[in-house]
Every structure is written in C-alpha cells, then in structure tokens.
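A short worksheet on the structure shown next.
The values are calculated or read from the model by the stated rules, or taken from the named source; none is laboratory data. Note that the coordinates shown come from a computational prediction; the quantities given were computed from them, not determined experimentally. Cβ coordinates were reconstructed from backbone atoms using ideal geometry, including for glycine residues, and neighbour counts include every protein chain displayed. Accessible surface areas use protein heavy atoms only, side chains included; no ligands, DNA or RNA. Shrake-Rupley method; radii C 1.70, N 1.55, O 1.52, S 1.80 Å.
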Amino acid sequence: MSAPTKKPAVTEREARQVAEAAREQDWRKPSFAKELFLGRFRLDLIHPHPMPADEDAQRGEEFLAKLRDFCETKIDGARIEREAQIPDETINGLKELGALGMKIDTKYGGLGLTQVYYNKALALVGSANPAVGALLSAHQSIGVPQPLKLFGTQEQKDTFLPRCARTDISAFLLTEPDVGSDPARLATTAVPDGDSYVLDGVKLWTTNGVVADLLVVMARVPKSEGHKGGITAFVVESASEGVTVENRNAFMGLRGLENGVTRFHQVRVPAANRIGPEGAGLKIALTTLNTGRLSLPAMCVGAGKWCLKIAREWSAAREQWGKPVAFHEAVGSKISFIAATTFALEAVLDLSSQMADEDRNDIRIEAALAKLYGSEMAWLMADELVQIRGGRGFETAESLAARGERAVPAEQILRDLRINRIFEGSTEIMHLLIAREAVDAHLKVAGDLIDPEKTLQDKAKAGANAGVFYAKWLPKLVAGPGQLPRSYADFHPEGHLDLSGHLRYVERSARKLARSTFYAMSRWQGRMETKQGFLGRIVDIGAELFAMSAACVRAEHLRTTGENGREAYQLADAFCRQSRIRVEELFGRLWSNTDDLDHKVVKGVLGGTYTWLEEGVIDPSGDGAWIADATPGPAKRDNVHRPIR
C-alpha cells in the first residue's frame, strides 16, 4: 500500500492567487453585466433583442419536435424515480436521436445546435425527468466536448468528438473528498513518465462517472525539469487499467443520476490526451463554464413552466370557501410570482444564450448571474407550488396515483431542484466569483493601494492611476437617463403598459450600486474580500437588475414580432414591480444587517459556548469520518462502472 499523500498545504492568500491566475484577466469584448456593476446601463448591448439565424432556428425547431416525441413516449419519469436509474434503452434512444451531440459540430457527427436551442432542448428533457437532463448537460456542458471545442488540438477533436456525438458518455472530474471550491489543495497527481502521465487520486461526485466512457480529469502535475507543472486537464478513457468506480452515490433528488466516486491508481494517460498546456487546467475549467453554466438555468426555466402549468390547473379546480383557490389573494400572489418569475428567467436565459451564440459580448458575468438567479428562483417557485398544493404537494406522485388522483410530482421537483443551488458553483461561491468580476475595474486601477505586500512606490503609482480613473468615473454616477421622464420611450408604446419607468429604475439603481461598491472599497479596503455578506447582496442586486432588463427587452421583442406582446408586457411589469421590492430590501441590508453579530455568534458556536442548546435530542448520524479517506492506492472495492451499449 502506498504511503498517504500529503495534501498541499495552502494559505488563504495562496488559494486566492491560484483562483486569480485561473480567471480570464482581460475584457476583449463588451459586457452588459460588467457595465451594469460599474453604474453604466448599456441597453444598446441587449436591445433590440438578438435573434438566431433562420437556418439555426429551423434546424433547432426540427430537432425539438423529434425530442418532444421521444420525451413523451420513451422517457418514463415515474420509473426512473422508482428504480433510481435511467433505463439503458432510454439512454440508447437518446444516442440514436443524436442528443449526445447537440452542441457538437456537424463535421464530427453532431447536430450543431446553437446555445439557444441546446438550452431549449435541456428545458424540455429536464421537464420530462431532471436526471436525464443532468446526464445530457454534464456530458456536453462540462464533459469532454466543450473543453475540446475550446482548447483541444485538431487530432483530439478528430479522435474524441465523433465518439461523444453518438456513442460515448463523458464526465468532468474536479472535486475530491476534501477539495471542493478550493482547487489549490487538489491532491490527485499526474506524474510525467516518458510520453505519458501516471494518475493517482480519488474524485468525488463524478456526475455521469458511473456510466461514462470518457473523463475530463483535473490533476496536479509536479514541477520538474521540462515540466511547468500545475493543475492540468486530461482526457482519460474510463476503461483504462487502474480506473475504478468505487461507489454510486444516492441523493435526496435526481435519483436517476449516475454520480459516483472514482479512484485512479497508476493510470497511464498518453501525453497526447492532455488538454492545453500544463497548468492551464483551472483556466480551461472556468472558461468552459462561462457558457456551460447556462445549462442549469435552462432546466430551471423548464421547471418554472411546469410549476406554472400545475399551479394554474390545480388552482382552478380546487375550491375553497365558494371559489377557486387561485382567487384567494394568499394563493394568487404565489401564482403571480411563479408566472412573472418564469417569464423573467426565460428572458435571462434566451438573452444570455443568444449573446453566447453571437460571440459579440463577453458573457462570463451574464452566464454566472443566470445560473445563480435561476437556481435560487426556481427553488422558490417549486416551494410555492408545494404550498399551493397543500398536503398533496407533500405527497408523492406514486401515493397520489394509488388513491386515484393525478400523479403530480410536486415534492419531487422540489427535491430535484435543490442541487442546482450547489451544482457547478454553489450560490455562495457564485456570489464571490461574480463579485470578483464586478470589482475588476476597481482592482485594476486601485488594487495595489489595498495590497499589503505592495511597496510604497507601487502604492504611489496606483494612487495616481486611481485618481485619474475616479476623477472621470465618479461624476458620471451622479446623474443619468434614469432621471429623465422620457428616457427609454420605446418601452412605452401606445396601448401598452409602461415599462420605460422600470428601465429608468434600473439605470438609477445601477449608479447607486456602483456608488455603494466604491464606498465599501473605500471603507474596508483590503478587508473587502472578507465582507462576503455585503458582496453577496451587491451581486443579488445586480442579478435583479439584469433580470428586469432582460424581461423588458423580451417583452418589447415579443410585442414587435406580434407574439403575445400585450401579455408579455403584463408579465414584465409584474416581475419588475416584484423585483424592485427585493432590490430596495437588498439596498437597505447593505448597511443595516447583522453580519458582525453573526460572526460573533459563529465564534461562540465553534468555541462550544452554546453546546447546552444542543441538549435534549438524539443524533441519528452514527459514527464515521466527516470526510472519507482519499489516500491514493489500489482500489479496495468492486468496480461498479456500468458502460451503456
């Protein structure tokens, strides 16, 4: 047995440096969301609403028609939930349909769908069964196809993409038992050996890992002569000697998810299978996620549409005190929230996706906001649906059917959606990631001023640069189009509701948001990065402003194309009014909160001050380690890898 591998000892500063090195440093293209956080409301970047090419739309619609038929006839969601597994024949049917290659170019055997139609397909599949949607998303959004599309050699594309398009399922392996959102401590190693690398380590929560044929594995290459080293990405054949799937994990939701624990023991990987240079693994992962994150809000949109359908049908049929429950204000407000929020989420998703297809804008913040906002709001909508359904919302679909009622899986969708607040960057990590990008312009000009390790000369130079930047920037935050009554008049067409006032509110709030950020940086300086509560609220305000903007732009687009324009204006108006209430609350909580008090309580909890409060209960958790041993070495368990053919 090999000796335990010592995990890299990493300070907080070193961990931040690793994360900083992995992010894209430059902004080569405009970004609506980046400008929004800087107090500049660039409506011209998103309006008029961008549209797909006719050829792309036709190809996408034709595939959606085939996929809908498959979902209605070949996906048995109740069976997947009952057996906690997607039947092989369902997966093979998806392969035959070409669903594994939705995003892969036609020259490699894929369908070549745009991001817009890929997301529409995921929303459709996810509504039939979220576990099937997760399988397709993990395969294409973060699995082998996307990083190879962006960073692979031509030889790698020719070798692997045709397989991924039709036959082979892929997975992405980054997380380890003791490493989550802190990749600086990554322990899996890839040691160079001739024209190969030798992998050793354990990966946790490998979505698709149980059934995958190809893996994207992140491993640390030791620095040595001729090797730069660092975290590096590899394509690994799951059938390679030394690869063992040691466990298929089970979860509160997504019960058909093929997610496991994968061990690598002396696994030889050809150097030709390395994606990009050594040390580029995290940058590849983050760049892949720039658009890959849009798959989760796509399925959240599908969930919102389903929640709205069930809420409408149930609330019309169920009577209480002489009238349908929908017309009782307590229930009606929930239905309005679901309808308005679903409209806004779809607006955010379609806008971000179309901008990704056009590639004219940098959408790294937009995609992250879509993921963050979509996952949080979808969970709230599902929770409201369960409440609207009452006891039936808590009852399983199987139980409802057994006693003769419609098998509505409301409690299941609540369980299934919960992971989206954790998947591909938890809400807390997304707050920090987006906040870092939001303050990038400030750090570029004034970062050295608040860096304790910089010399006085560096600080003096930074001070001069900051003075020039802020002398131009700060005066622009005082006044803007949001204070002019006739601004954005396009959004107040005759015979329709007035959305222009909401856009003026967004413009004013963007400037207020930028002023708040500047004031916080001036107040806390180097300690700003520790103010996670404040940064989270800043990001949440930005998310609401982005969603309001997208909703208004979508409503105007639907009006001008003659598709439900009047109704779209009503939904956009309702959403914006609901959103503005949330924004005002968030602005208030920027400076009036319990963050400092909470920190004191946490210190007391961890210090044992309140252990008396835990008395009087039984802990059913049992014994066992909090974090499983991940010492490299040969597998001690049977291989539960289950390739599907």
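The single condition among (1) within 29 Å of Pro50 (Cβ to Cβ); (2) β-branched (Val, Ile, Thr); (3) modelled with pLDDT of 95 or more that Ile142 does not satisfy is (3). For region 314-341, which positions are open to solvent by less than 40 Å² (accessible area, probe 1.4 Å) and under 16 Å from Val386 (Cα atoms)? Ser315, Val325, Ala326, Val331, Gly332, Ile335, Phe337, Ile338, Ala339, listed by residue number.
Residue-wise test of (1) closer than 26 Å to Gln483 by Cβ; (2) open to solvent by less than 10 Å² (accessible area, probe 1.4 Å); (3) in contact (Cβ under 8 Å) with a residue 12 or more places away in the chain.
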site: Ala520; (1), (2), (3): yes, yes, yes
site: Lys531; (1), (2), (3): no, no, yes
site: Ser549; (1), (2), (3): yes, yes, yes
site: Arg559; (1), (2), (3): yes, no, yes
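The residues of region 428-442 that are over 18 Å from Ser522 (Cβ atoms), acidic (Asp, Glu) and surrounded by 15 or more Cβ atoms within 10 Å (Cβ to Cβ) amount to a single one, Glu437. Do we find that Asp490 is within 23 Å of Ala568 (Cβ to Cβ) and open to solvent by 20 Å² or more (accessible area, probe 1.4 Å) in this structure? So Asp490 fits the description; yes. The set of residues in region 276-286 that are modelled with pLDDT under 90 and crowded, with 20+ Cβ neighbours inside 10 Å contains only Ala285. Determine whether region 297-312 contains at least one residue that is in contact with a Lys or Arg (Cβ under 7 Å, 6 or more places away or on another chain), part of a helix (DSSP H, G or I) and modelled with pLDDT of 95 or more. Within region 297-312, one or more residues are in contact with a Lys or Arg (Cβ under 7 Å, 6 or more places away or on another chain), part of a helix (DSSP H, G or I) and modelled with pLDDT of 95 or more. Exactly one residue out of Leu122, Leu64 is crowded, with 18+ Cβ neighbours inside 10 Å and within 26 Å of the chain's Cα centre (by Cα), and it is Leu122. Of the listed requirements (1) of a type outside the set (Asp, Glu); (2) over 31 Å from the mean Cα position of the chain (by Cα); (3) more than 30 Å from Gly260 (Cα to Cα), Pro620 misses just one: (3). Within region 213-230, being in contact (Cβ under 8 Å) with a residue 60 or more places away in the chain and either of a type in the set (Gly, Ala, Ser) or closer than 16 Å to Glu278 by Cβ (or both) holds for Val216, Met218, Ala219, Arg220. Figure legend. Inter-residue proximity from region 443-460: first residues in contact (Cβ under 8 Å) with a residue 24 or more places away in the chain and open to solvent by 60 Å² or more (accessible area, probe 1.4 Å), second residues in a helix (DSSP H, G or I) and polar (S, T, N, Q), beta-carbon distance below 9 Å, spacing 6+ or different chains. Indicated pairs: Leu449/Gln525. Starting from residues that are open to solvent by 10 Å² or more (accessible area, probe 1.4 Å) and of a type in the set (Gly, Ala, Ser), keep the ones in region 239-273 and report whichever is farthest from Ala190 (Cα to Cα). In this case the residue turns out to be Ala250. Flag: Gly604 does not match the condition of being in a loop (DSSP other than H, G, I, E, B), over 29 Å from Glu241 (Cβ atoms), modelled with pLDDT of 95 or more and open to solvent by less than 80 Å² (accessible area, probe 1.4 Å).
Yes/no matrix, rows are residues, columns are (1) closer than 30 Å to Met430 by Cα; (2) within 17 Å of the chain's Cα centre (by Cα):
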residue: Glu358; (1), (2): yes, no
residue: Ile365; (1), (2): yes, yes
residue: Leu385; (1), (2): yes, no
residue: Arg403; (1), (2): no, no
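Here is the figure for region 360-376: residues that are in contact (Cβ under 8 Å) with a residue 60 or more places away in the chain and either open to solvent by 20 Å² or more (accessible area, probe 1.4 Å) or not in a helix (DSSP H, G or I) (or both) total 4. Every test in (1) out of contact with any helix residue (DSSP H, G or I) (no Cβ under 8 Å at 6 or more places or on another chain); (2) among the aromatic types (Phe, Trp, Tyr); (3) closer than 15 Å to Ala271 by Cα is passed by Tyr197 save one, and that test is (1).
For region 495-503, the criterion of being within 30 Å of Gly533 (Cβ to Cβ) and either polar (S, T, N, Q) or open to solvent by less than 60 Å² (accessible area, probe 1.4 Å) (or both) is met by at least one residue.
Among the residues of region 470-484, those identified as of a type outside the set (A, V, I, L, M) and either more than 14 Å from Tyr519 (Cβ to Cβ) or open to solvent by 60 Å² or more (accessible area, probe 1.4 Å) (or both) are Lys472, Pro475, Lys476, Gly480, Pro481, Gly482, Gln483.
Do we have Asp105 as open to solvent by 50 Å² or more (accessible area, probe 1.4 Å), modelled with pLDDT of 95 or more and within 19 Å of Met299 (Cβ to Cβ) here? It is false that Asp105 is open to solvent by 50 Å² or more (accessible area, probe 1.4 Å), modelled with pLDDT of 95 or more and within 19 Å of Met299 (Cβ to Cβ). Filtering region 212-228 to residues that are outside any strand (DSSP E or B) and closer than 13 Å to Ser240 by Cβ leaves Ala212, Asp213.
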